Every structure is written in structure tokens, then in C-alpha cells.
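J.: I'd like to ask you about the structure that follows.
The values are calculated or read from the model by the stated rules, or taken from the named source; none is laboratory data. As the structure is a computational prediction, the values presented were derived from the model and not from experiment. Please note: Cβ atoms are built from the backbone with ideal geometry, for glycine as well, and neighbour counts cover all protein chains shown. SASA here: full protein model, heavy atoms, side chains in, ligands and nucleic acids out. Shrake-Rupley method; radii C 1.70, N 1.55, O 1.52, S 1.80 Å.
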2 protein chains.
Amino acid sequence: MAAPPDDVVSDPQDDLAAAVLRPLRAHHAFESCVEMLATSIRLGIYPDGSTLPPERELAERMGVSRSTLREAIGALRDAKLLTTRRGRGGGSVVEFHPEEPGASPKLQRPREELLDALAFRRIVEPGAAHAAAKRTLTGQQAEMLRASLERVNSAAGKAVHRQADAQFHLAIASLTESPLLIDAVTNVQVRLHEMLGAIPVLDRNIDHSRQQHDAIAEAILAGDAFKARRVMESHCDDTAALLRGLM
Amino acid sequence: MAAPPDDVVSDPQDDLAAAVLRPLRAHHAFESCVEMLATSIRLGIYPDGSTLPPERELAERMGVSRSTLREAIGALRDAKLLTTRRGRGGGSVVEFHPEEPGASPKLQRPREELLDALAFRRIVEPGAAHAAAKRTLTGQQAEMLRASLERVNSAAGKAVHRQADAQFHLAIASLTESPLLIDAVTNVQVRLHEMLGAIPVLDRNIDHSRQQHDAIAEAILAGDAFKARRVMESHCDDTAALLRGLM
DNA sequence: CCGATAAGGTTCGATACCAGACCTTAAGGC
DNA sequence: GCCTTAAGGTCTGGTATCGAACCTTATCGG
């Protein structure tokens with residue numbers, strides 16, 4: 001506004017403007033593309049040894065031209081995250097072992113952004129659990145949830161467990177079939193996955209979280225929306241406490 | 001191989017991929033720019049007669065080049081939403097009267113997207129109310145909330161009320177100081193505002209909603225997080241019921 | 001009345017991205 | 001063993017956007 005230095009602090013109206021006029025166009029499409037693919041691989045959505053979808057399909061899904069997508073894939077190839085073979089039956093094959101011993105990659109986002117993600121998660125994930133439990137699930141959906149749970153519980157190794165954990169939470173969100181909610185949970189899980197990779201997690205924490213996962217899945221399958229939400233809230237609180245303490 | 005032809009229907013893994021590999025790059029920057037500014041004006045964040053921030057500042061806030069921003073402003077000028085004056089003290093002056101009699105603009109988004117927004121809102125806005133109530137508000141924040149409430153209650157005319165309503169909800173979100181949450185509420189309110197503009201709202205509905213607003217603000221100011229959440233949930237449910245019935 | 005200043009208006013080259021056509025390689029099917 | 005097909009690889013022209021400098025207009029202060 002005419003912003004004379006009259007106010008000591010900001011005009012409330014300005015705050016609203018800042019809220020609505022958020023920045024669009026996240027950096028370059030190329031970079032976001034690399035990040036998105038790398039995330040998918042690290043989350044184990046495309047596990048080691050699997051083949052990515054064909055370039056033309058990926059490009060369309062990500063709303064990006066094939067040239068841009070190819071540059072991104074090239075970058076991942078340079079980063080040794082995948083290899084590419086030509087010809088029919090070819091494609092980009094993932095080469096990523098989530099073993100990384102004490103790698104402890106540095107946090108790449110500012111701490112406050114991560115704390116924000118934890119607070120936001122505390123709202124959306126319990127909401128997702130609640131919504132998922134209220135739906136009547138198809139057999140296939142129930143099956144997917146059980147499979148996700150099974151994968152978390154049988155995960156050997158912390159890195160693998162971390163992947164399976166993220167996928168379990170994404171699975172719950174996808175049960176709601178709400179694009180906005182799925183998007184919110186995805187965002188949050190990406191940041192969470194990064195945070196969990198940067199701190200030491202004890203076996204005791206994992207056991208505790210497994211019990212909570214069991215209870216959450218059970219409540220969702222039983223259609224007990226309130227219980228699903230309550231347990232998910234505890235689960236988020238516990239993880240957040242762990243992270244806030246160790247970051 | 002991750003993709004053996006065993007799937008009769010879609011592989012659950014595919015659903016997760018679809019979740020993480022969401023489309024980036026919302027169409028053209030120019031269009032999003034026009035939409036964002038038009039929304040700000042229609043929401044009354046820049047009320048009739050006020051001047052927009054200088055182009056250079058706006059461009060930076062929206063993460064867009066000045067040329068693109070100027071094209072957007074030009075489009076709004078063509079749409080008679082503002083006029084522009086040159087020279088010092090000049091700028092783009094909003095010319096928008098939220099009176100529009102029975103205009104009832106058509107819904108521009110697919111119905112299912114709007115229903116999704118209602119479902120998502122039912123999760124994030126109660127969460128925002130809860131989080132806002134848990135915070136210790138500064139005097140200025142409390143003041144802003146009271147002012148927003150006052151503006152809703154004193155709004156003359158339905159269109160003006162609709163603006164003030166959106167701003168009240170945005171104000172609550174901004175109290176949380178959580179960027180992710182603010183963003184979520186903003187998204188939801190934009191869609192909601194559009195929906196409410198497309199249906200006839202009765203005075204009775206407005207009265208009812210005013211009572212709920214009072215209760216919400218009171219609970220937040222009193223620090224009663226659970227009550228704030230409960231009332232906001234009812235509020236969202238009631239609005240959603242109204243909309244689902246009339247759309 | 002006149003300079004400083006704060007705005008909008010204009011121009012231009014660089015570049016990221018897109019859309020599509022086309023080429024090359026390697027499996028599979030007949 | 002050929003032909004189809006499903007993949008990746010390459011090329012090209014077009015366009016949106018950026019960015020940064022520069023011009024023009026109008027107000028304000030002395």
C-alpha cells in the first residue's frame with residue numbers, strides 16, 4: 001500500500017494479502033521434476049530394480065513436456081539413482097538401496113518449515129484417518145491397506161521401515177479419494193521422511209509406532225472413525241515429540 | 001520387476017505414484033496471476049477504491065516477472081475491475097462493487113472438485129480454529145480477530161457479507177502463523193466463496209452462521225481449543241449441507 | 001517553481017519450456 | 001527370420017516468461 005512508515009508493525013490487511021497472494025511457479029519445472037522423481041524413489045514408490053513408467057506417460061502425469069522430463073531423468077542418471085536401457089522393454093531402472101548406513105543427510109529445509117510441517121500434519125493426517133474410516137472401502141482398498149500395514153511390520157532395517165511407513169500413511173490418505181487431502185498428506189510425508197532420515201531412531205520408537213499403526217489400520221477397517229482419528233493424533237504427537245527433541 | 005502383468009485392475013502401487021507424481025506447473029503464470037488478483041479483489045482484500053501495491057512489489061510477492069504481472073493487470077483493466085493512473089501516487093485502483101444483483105455466476109470448476117474442497121475444509125478449518133485457540137495471541141492479533149468478526153456482523157448486503165466471511169476465516173488461519181495451514185485455508189476459501197456466490201443464501205442462514213462465528217471467535221479468544229474446533233466443525237457441516245443441497 | 005521521487009510504460013535479449021515430428025534400438029509374435 | 005511395436009534419443013520451431021535497463025508521467029517538498 002502507500003506503506004508510509006506509520007505503523008510500528010504490519011497492517012492486518014497486509015497479512016491477508018500475503019496469504020492470498022502466495023508465490024506461484026515453484027522455481028524451475030526441471031528442478032521440481034528432479035525433486036519429485038527423487039522423492040518417489042527414496043520413498044520406495046519405485047523400488048530398487050523396478051522400471052519407471054515410460055517417459056511419455058510420466059511427462060503427462062507430471063504435467064511437463066517430455067524434454068523437461070528427460071532432462072530430469074538425465075540428472076537422476078548422473079546422480080546414479082537409475083540407469084536407462086533403450087528399445088522395447090527398456091526404460092529407466094531404479095538403482096537405489098535404502099541402506100545408507102550412518103549417512104544422516106543434512107536437513108535441506110529451514111527448521112521452521114519442518115516444524116510447520118509437523119503442526120500441519122497433526123491436523124491433516126488425523127483428518128485423513130477419520131475420513132478413511134468413515135468410507136465404505138472396496139475389497140481392493142482394504143487389501144491395499146492391509147498390504148501397506150504388512151509391509152511396515154515386516155520391514156527389515158530402519159531405512160526400509162521408513163519407506164514403508166511413509167507409504168502406509170499415503171495409503172490411508174489415498175483411501176479418502178480426496179485429491180486435496182492426498183496432496184496435503186503427500187507434502188507432509190515428504191518432509192517427514194526427510195526429517196526422519198536425519199535423526200537416529202531407536203528400535204523402541206519403531207515398536208511403539210508399529211502398535212499405533214496396527215490400531216489405526218484396525219480402526220479404519222472397522223469403520224471406527226473417531227478411534228482412527230484419536231490414535232492417529234497420538235501417533236503424530238509421538239513422532240513430533242521425537243523429532244522436535246532430536247532435530 | 002515391479003510391473004508384472006498380474007494386475008487385474010490398477011496396481012495399488014500405481015495409486016501411490018499418482019499421489020506423489022502430481023502435476024506441477026498450473027497452466028500459464030499469466031492466467032494464475034489474473035485469477036489470484038481477481039480473487040483478492042472479489043474477496044475484498046483490496047476493497048473498492050483502494051490502490052494495489054506497486055507493480056514491482058506485487059510481482060515479487062507473487063513470484064512472477066513484472067511483465068507477466070502487468071499483463072495480468074491489463075486483463076483486469078479490460079474486465080473493468082480496476083483503473084490505472086501513472087506518476088507518483090498513481091497505481092491501480094480497484095473498482096469493484098460486490099453488489100451484483102442476481103448475477104449468479106456459473107460455477108467454473110467441476111462439481112466434484114468443489115465437493116472435495118468441502119471435505120477438505122471440514123478437516124483444515126476446525127484444525128485451524130483449534131490451533132489458533134491454543135496459541136497465546138498478541139494484542140494485535142486479538143484485535144484483528146475482533147475486527148474481522150465485527151466486519152462480518154455489520155456487513156450490509158449478502159455480497160459484502162460473503163467477503164467478510166471469507167476474511168474472517170482467513171484471519172483465523174493467519175493467527176496460527178502456519179504457512180501450510182494458511183495456504184490450505186486460502187485454497188478452500190477461494191472455492192467456497194465461488195460456490196456461495198452461485199447459490200441463493202437466506203437471511204436465516206446468515207443469522208445462524210453469525211452465531212457460530214461469535215462462538216468461534218469467543219472460544220479462540222478464551223483459549224478454549226476444543227470448543228473452537230467443535231463449533232467450527234458444526235459451522236463447516238452446516239455450510240456444506242447448504243451447498244450440497246443447492247448446487 | 002523546480003528537483004527528487006514514486007509510481008507506471010516500454011523495449012530487448014536470454015532462456016526455459018513446450019509440442020510435435022522423426023530416428024534408433026531392442027523385444028515379441030507370427 | 002521378418003515385421004510390428006514399445007520403448008528411448010534427437011531435432012526444430014514456437015512461445016511464455018524472465019530480467020534488467022531505460023523512458024515517461026505526476027506528485028511532493030522545499
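J.: With unit charges on the beta carbon (Lys/Arg positive, Asp/Glu negative), name the residue among A:A166, A:Y46, A:S154 whose Cα is farthest towards the positive pole of the charge dipole of segment A:35-192.
T.: Positive-most Cα among the choices belongs to A:Y46.
J.: Just the accessible area per residue of the protein assembly as shown, please: how many Å² with a 1.4 Å probe?
T.: Per residue, the protein assembly as shown has 49 Å² of solvent-accessible surface.
J.: Within 15 Å, Cβ to Cβ, of B:L115, how many net charges do the neighbouring residues add up to if Lys/Arg are +1 and Asp/Glu are -1?
T.: With Lys, Arg at +1 and Asp, Glu at -1, the neighbours total +2.
J.: Right, another one. If I require 15 Å or longer along the helix axis, counting alpha carbons, and a Kyte-Doolittle average no lower than 0.5, what helices from chain B are left? Use full DSSP H segments.
T.: Helices passing the filter in chain B: B:29-42, B:179-196.
J.: May I ask you to derive the FRET efficiency for B:F30 and A:D48 from their Cβ-Cβ distance with R0 = 56 Å, giving the value to the nearest 0.05?
T.: 0.85
J.: Could you tell me the distance between the Cα centroids of segment A:124-183 and segment B:124-173, to the nearest Å?
T.: Centre-to-centre distance over Cα atoms comes out at 34 Å.
J.: Structure shown: which of A:K227/B:K227; A:K134/B:K158; A:K80/A:K158; A:K134/B:K227 lie over 28 Å apart, alpha-carbon to alpha-carbon?
T.: Correct reply: A:K134/B:K158.
J.: Further question on the same structure: Could you pull out every residue, at least 5 positions away or on a different chain, whose amide H is within less than 5 Å of the one on A:T84? Hs are placed 1.01 Å off N in the peptide plane, and Pro or chain starts have none.
T.: A:V93
J.: Hey, for B:L202 with labels 7 Å out along Cα-Cβ, what do the inter-copy distances come to in nm, ordered shortest first?
T.: 5.9
J.: Same structure, new question: Need one number: nm distance between label points at B:E112 and A:F226, each 7 Å from Cα along Cα→Cβ, rounded to one decimal.
T.: 3.2
J.: What does the extension gain come out to for A:E60 and A:E150, with contour length at 0.36 nm per residue minus their alpha carbon separation?
T.: 29.2 nm
J.: Using DSSP to call loops (not H, G, I, E or B), can you name the trypsin sites (Lys or Arg not before Pro) in segment A:30-95 whose Cβ has at most 14 other Cβ atoms within 10 angstrom?
T.: A:K80, A:R86, A:R88
J.: Oh, and also: With the dipole of the protein assembly as shown worked out from charges on the C-beta (+1 for Lys and Arg, -1 for Asp and Glu) around the Cα centre, which of A:A18, B:L137, A:G197 lies farthest toward the positive end?
T.: A:A18
J.: Moving to a separate point now. Quick check: convex hull of the Cα atoms in segment A:111-246, volume per residue, rounded to a whole Å³?
T.: So the per-residue Cα hull volume is 87 Å³.
J.: Given only helices, namely DSSP H runs of n ≥ 4 each adding -39500 (n - 2.57), what is the per-residue ellipticity at 222 nm of chain A, to the nearest 500 deg cm²/dmol?
T.: -22000 deg cm²/dmol
J.: Considering only B:A241, B:A184, B:G63, whose Cα is most displaced toward the positive end of the charge dipole of chain B, charges sitting on Cβ of Lys, Arg (+1) and Asp, Glu (-1)?
T.: Checked the options; the winner is B:G63.
J.: Kindly compute the accessible surface that chains B and A hide from a 1.4 Å probe when together, both sides summed, and give it to the nearest 100 Å².
T.: 5200
J.: Once you place label points 7 Å from the Cα toward the Cβ at B:R77 and B:T138, how far apart are they in nm?
T.: Result: 3.7 nm between the two label points.
J.: Additional query: Quote the charge dipole size of the protein assembly as shown about the Cα centre in Debye, to the nearest 20; the model charges only the Cβ of Lys and Arg (+1) and of Asp and Glu (-1).
T.: 580
J.: Along segment A:91-98, what does the Karplus equation 6.51 cos²θ - 1.76 cosθ + 1.60 (θ = phi - 60°) give for ³J(HN,Hα), rounded to whole Hz, x for Gly and Pro?
T.: Once rounded to whole Hz, the list reads x, 9, 9, 6, 10, 8, 9, x.
J.: For a quick check: with amide H placed at 1.01 Å from N, whose amide H comes under 5 Å from A:D48's, ignoring anything fewer than 5 positions away on the same chain?
T.: A:F96
J.: Follow-up. Could you list the square roots of 5 times each eigenvalue of the Cα gyration tensor of segment A:29-94, that is, the equivalent ellipsoid semi-axes, sorted largest first and rounded to whole Å?
T.: Taking √(5λ) for each Cα gyration eigenvalue gives 16, 14, 11 Å.
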